Amino acid sequence: MLLPDWAVLNAAIDWLGHGLWDLTWWQIVLFTLATTHVTIAAVTIFLHRAQAHRALDLHAIPSHFFRFWLWIGTGMVTGVGYVDPTNGTAIGKALMDGWMKSPGHRKNILDPLADRIGSGVFWNDEYYYAVSEFW
């Protein structure tokens, strides 16, 4: 044998060969389907219905679950905090800070080929909704 017979080495090789869980192919498919559906529900129910349109009033428990799920699964940060709605400089700074912390937005902002940006900001007496378009 080329490698020594150590328990730790054997466990590491087993982990590399089979993963953390020793799952069969169909268990991997079921896990992938389940996590994908929870992510779709989080985006649809939490981000779209409850956050963007305020058409659904979610209890704190599902809101925190979906926020945590999106953060763990995608790195998405929702609800960046309070900004004084009367302070235009603070609003602009908060939006730019948020966009620069987003890898996709940062890439577009710093892209030398993108020579135009369109931005829109909406305030509904409770929160800001901002969009940006690069071309």
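Structural remarks
- Some residue of the stretch 46-69 being among the aliphatic types (A, V, I, L, M), over 22 Å from residue 102 (Cβ atoms), surrounded by 11 or more Cβ atoms within 10 Å (Cβ to Cβ) and at pLDDT 90 or above: no
- Filter result (touching a Pro at 6+ places or on another chain (Cβ under 8 Å) and either within 23 Å of residue 75 (Cβ to Cβ) or exposed (fewer than 11 other Cβ atoms within 10 Å of the Cβ) (or both)) within the stretch 90-124: none
- Among residues of the stretch 7-20, those that are exposed (fewer than 10 other Cβ atoms within 10 Å of the Cβ) and in a loop (DSSP other than H, G, I, E, B), counted: 1
The values are calculated or read from the model by the stated rules, or taken from the named source; none is laboratory data. In this text, all values refer to a predicted model and were calculated from it rather than measured experimentally. Neighbour counts are summed over all protein chains in view; Cβ atoms, including those assigned to glycine, are modelled from backbone coordinates with ideal geometry.
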